[in-house]
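Novice: First the structure, which I've put down as structure tokens, then a few questions once you've had a look.
The values are calculated or read from the model by the stated rules, or taken from the named source; none is laboratory data. In this text the structure is predicted, and so the values were computed from the model without any measurement. Cβ placement follows ideal geometry from the backbone for every residue including glycine, while neighbour counts extend to all protein chains displayed.
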Amino acid sequence: MNANLFAALRDAFPADLDTCAIECAEPGPQGQRLSYSWRDLERGTAMLANLLLSLDLPAGSRIAAHTEKSVEALLLYLAVLRAGFVYLPLNPAYQAAELDYFLRDAEPAVLVCAGANFGWASKLAFLAGTHYVFSLNDDRSGSLLERASSMSDTHSVAERSTDDLAAILYTSGTTGRSKGAMLSHGNLLSNARTLKDLWGWRADDVLIHALPIFHVHGLFVASHGALLAGAKMIWFSKFEPRAVISRFAEATVFMGVPTLYVRMLGEAALTPTACAPMRLFISGSAPLLLDTFTEWQQRSGQKTILERYGMSETLMLTSNPYRALDGDRIGGTVGPALPGVAVRVSKDGGQLCAPGEIGAIEVRGPNVFTGYWRMPEKTQEEFSADAWFKTGDVGFCDANGYYSIVGRSKDLIISGGFNVYPAEIEGYLNELDGVAESAVIGLPHADFGEAVVAVVVAKPAHSPDGAALIATLKRQIAGFKVPKQVFIVEELPRNAMGKVQKNLLREQFGRLFA
């Protein structure tokens, strides 16, 4: 049996291939409303796959995509799977130095880039040994589509095994050199099938797709979910809160990072009536503040956000329940482990933590990646002796089996010999009057080793005072946890998926106690 992920996705296409698979939310180049049938997906991926095969690429060749979001970019991903090659998605915001690193490390045979970047990107690619460079724009133009237009629109899906490599996703590299997580066809398909069942995907669902497609959340969790259910997508090339809310009337599922939910809460159009047709709101890729969770319930007419937890190396690991009979969705938690996925919390030395006790989160299961691209030593380092992957996250599991993430192990602050978990302090800060959100970091300190410092964003029309916030915290938590200083800023630095980039804050304030 062919274990190629694309074969499973195509098997889920509806019998009537002329029905709509993807509807573009924004007008096309000539102002027209664009839509793609399932037959368009079948023919388009076949033509692109045949183009790749015509290049006589070596087996296992990587195909790098440095393009803006478009339906054609999604078809390219599916065509790479279909042809049996390895997909390498890259953030289109990456500049020359960043792209050069990925090209030299992954050595893709093909680079597909935006036409506006073709000049400098192709030079980097050829110097790195990439043989073919095509352009692809978000207006359905570019040399990739021009070349593919002459190819046959029929293609037999390449035979692949469960363990064959399907994609390489580079980690953000916030603590050093970016690492390429190698994901197999089996990793991707097992996770997609688990989520299809767990989240109740149906053929009559309509997904609002407003996420980037260079990351696990948008490319795998969202796209695979809809495709494996044979469900329609409403496709936004960029997130616009008012426009997204206006399409709730035609949809049933929305996936977003917390930032997207915060932005929609700022719109008067978000009402119980607007949200009534939606059956499921999902959040991930960054922690969802309890205030956001609660306010969304109130504003949406008790549509409770389902928060889940995953990462590039493992895809999804845990999820709050979809069905009421499976339990409640609890704010501040990421729910129980997915079926077939094992999660444990351990102390230094490998001893398991008791319920409620904070420790390192480790996982194993068919969703866990095969290792880091060309980094065997790093791969070995990130797995325990009994083959559990060390996520680098710190958290705990309560007595009911619900997991909570309190931070990254690299964010742990050791101040005066005491362990301080930033998420705990942030939780207290975010409850204080006038605080919209916060980030707690550790900075070098001559006496304490590290000093606790907080960076706070104020709520609109509020002006919290740092000294007053510190004084309040002193009445609530142990002295060693209280920030030595609080900075008020307009916004926190975030990456493309909405995660706060604490490394940038540490750089900005790093010499505070020097």
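Novice: Looking at P287, P321, which one is crowded, with 20+ Cβ neighbours inside 10 Å and not basic (K, R)?
Specialist: P287
Novice: Hey, among S409, S463, which residue is more than 30 Å from P321 (Cβ to Cβ), surrounded by fewer than 16 Cβ atoms within 10 Å (Cβ to Cβ) and hydroxyl-bearing (S, T, Y)?
Specialist: Unique residue meeting the criteria: S463.
Novice: Restricting attention to segment 383-414, which residues are acidic (D, E) and either at pLDDT 95 or above or closer than 30 Å to F480 by Cα (or both)?
Specialist: Passing the criteria: D393, D398, D411.
Novice: Please work out if T194 is hydroxyl-bearing (S, T, Y), in a helix (DSSP H, G or I) and either within 17 Å of the chain's Cα centre (by Cα) or over 14 Å from L74 (Cβ atoms) (or both).
Specialist: The answer is yes for T194.
Novice: Pairs needed: first member in segment 32-55, among the acidic types (D, E); second member anywhere, part of a helix (DSSP H, G or I); C-beta distance under 8 Å; at least 6 residues apart or different chains.
Specialist: Once the first residue is among the acidic types (D, E) and sits in segment 32-55, its partners that are part of a helix (DSSP H, G or I) give E42/R10.
Novice: Scan segment 324-332 and tell me whether some residue there is more than 30 Å from G359 (Cβ to Cβ), touching a helix residue (DSSP H, G or I) at 6+ places or on another chain (Cβ under 6 Å) and surrounded by fewer than 18 Cβ atoms within 10 Å (Cβ to Cβ). Break it down stepwise before answering.
Specialist: Here is the first cut: in segment 324-332, the residues more than 30 Å from G359 (Cβ to Cβ) are 324-325.
Those left that are additionally touching a helix residue (DSSP H, G or I) at 6+ places or on another chain (Cβ under 6 Å): none.
No, there is no match, as no residue in segment 324-332 is more than 30 Å from G359 (Cβ to Cβ), touching a helix residue (DSSP H, G or I) at 6+ places or on another chain (Cβ under 6 Å) and surrounded by fewer than 18 Cβ atoms within 10 Å (Cβ to Cβ).
Novice: Looking at (1) in contact with a Gly (Cβ under 7 Å, 6 or more places away or on another chain); (2) hydrophobic (A, V, I, L, M, F, W, C); (3) over 30 Å from P89 (Cβ atoms), which is the only condition L429 fails?
Specialist: (1) is the only condition that L429 fails.
Novice: Next up: Looking only at residues that are at pLDDT below 95 and either under 14 Å from L289 (Cα atoms) or acidic (D, E) (or both) in segment 440-458, which one is farthest from the chain's Cα centre (by Cα)?
Specialist: Across segment 440-458, the extreme among qualifying residues is D447.
Novice: Check segment 141-156 and report whether any residue there is more than 22 Å from G84 (Cα to Cα) and crowded, with 21+ Cβ neighbours inside 10 Å.
Specialist: Among the residues of segment 141-156, at least one is more than 22 Å from G84 (Cα to Cα) and crowded, with 21+ Cβ neighbours inside 10 Å, which makes the answer yes.
Novice: Would you pick out the residues in segment 239-268 that are under 21 Å from the mean Cα position of the chain (by Cα) and farther than 21 Å from E437 by Cα?
Specialist: Selection gives F239, E240, V244, T252, V253, F254, M255.
Novice: Name every residue in segment 333-356 that is in a loop (DSSP other than H, G, I, E, B) and either buried (at least 17 other Cβ atoms within 10 Å of the Cβ) or at pLDDT below 95 (or both), in order of residue number. I'd like the intermediate steps shown before the answer.
Specialist: If we filter segment 333-356 for residues that are in a loop (DSSP other than H, G, I, E, B), which is where we start, we get 333-334, 336, 338-341, 347-351, 353-356.
Of everything in segment 333-356, those that are in a loop (DSSP other than H, G, I, E, B) and either buried (at least 17 other Cβ atoms within 10 Å of the Cβ) or at pLDDT below 95 (or both) turn out to be T333, V334, P336, L338, V341, K347, D348, G349, G350, Q351, C353.
Novice: Report, ordered by the first and then the second residue, all pairs with beta carbons closer than 9 Å, sequence separation of six or more or different chains, a first member in segment 2-22 that is farther than 12 Å from E159 by Cβ, and a second member that is among the aromatic types (F, W, Y) and assigned to a loop (DSSP other than H, G, I, E, B).
Specialist: A21/F13
Novice: Pick from segment 404-421 the residues that are in a loop (DSSP other than H, G, I, E, B) and in contact (Cβ under 8 Å) with a residue 60 or more places away in the chain: which of them is nearest to A286 (Cα to Cα)?
Specialist: Y421
Novice: Can you tell me how many residues within segment 383-403 are touching a residue at least 60 places away in the same chain (Cβ under 8 Å), not in a strand (DSSP E or B) and not aromatic (F, W, Y)?
Specialist: 3
Novice: For segment 87-101, enumerate the residues that are under 19 Å from the mean Cα position of the chain (by Cα) and either touching a residue at least 40 places away in the same chain (Cβ under 8 Å) or assigned to a helix (DSSP H, G or I) (or both). Full working, then the answer.
Specialist: Here is the first cut: in segment 87-101, the residues under 19 Å from the mean Cα position of the chain (by Cα) are 87-94.
If the condition is that a residue be under 19 Å from the mean Cα position of the chain (by Cα) and either touching a residue at least 40 places away in the same chain (Cβ under 8 Å) or assigned to a helix (DSSP H, G or I) (or both), then Y87, L88, P89, L90, N91, P92, A93 are the ones that fit.
Novice: Oh, and also: Answer with yes or no whether I234 is free of Cβ contacts under 8 Å to residues at least 60 places away in the same chain, out of contact with any Gly (no Cβ under 6 Å at 6 or more places or on another chain), not in a loop (DSSP other than H, G, I, E, B) and not small (G, A, S).
Specialist: On the way: free of Cβ contacts under 8 Å to residues at least 60 places away in the same chain: no; out of contact with any Gly (no Cβ under 6 Å at 6 or more places or on another chain): yes; not in a loop (DSSP other than H, G, I, E, B): yes; not small (G, A, S): yes.
In short, no.
Novice: Residue under question is T271, and the condition is that it be among the polar types (S, T, N, Q), within 30 Å of R364 (Cα to Cα) and more than 19 Å from the chain's Cα centre (by Cα); does it hold?
Specialist: Judged against the criteria, T271 is not a match.
Novice: If a residue must be surrounded by fewer than 17 Cβ atoms within 10 Å (Cβ to Cβ) and either touching a Cys at 6+ places or on another chain (Cβ under 8 Å) or not in a loop (DSSP other than H, G, I, E, B) (or both), how many such residues does segment 38-68 contain?
Specialist: Number satisfying all stated conditions: 2.
Novice: Can you tell me which residue among P277, P287 is in contact with an Asp or Glu (Cβ under 8 Å, 6 or more places away or on another chain) and outside any helix (DSSP H, G or I)?
Specialist: Numbers: P287 fails: in contact with an Asp or Glu (Cβ under 8 Å, 6 or more places away or on another chain).
Answer to the selection: P277.
Novice: Turning to a different aspect of this structure: Of the residues that sit in segment 39-86 and are within 26 Å of G119 (Cα to Cα) and among the charged types (D, E, K, R), which one is farthest from the chain's Cα centre (by Cα)?
Specialist: D56
Novice: While we're on this one: Among the residues of segment 221-231, are any in the same structural domain as A49 (by TED's automatic domain parsing) and either modelled with pLDDT under 95 or not in a loop (DSSP other than H, G, I, E, B) (or both)?
Specialist: Checked segment 221-231: no residue is in the same structural domain as A49 (by TED's automatic domain parsing) and either modelled with pLDDT under 95 or not in a loop (DSSP other than H, G, I, E, B) (or both).
Novice: Failed condition for V453, given (1) surrounded by 17 or more Cβ atoms within 10 Å (Cβ to Cβ); (2) closer than 30 Å to P92 by Cβ, with all others met?
Specialist: (2)
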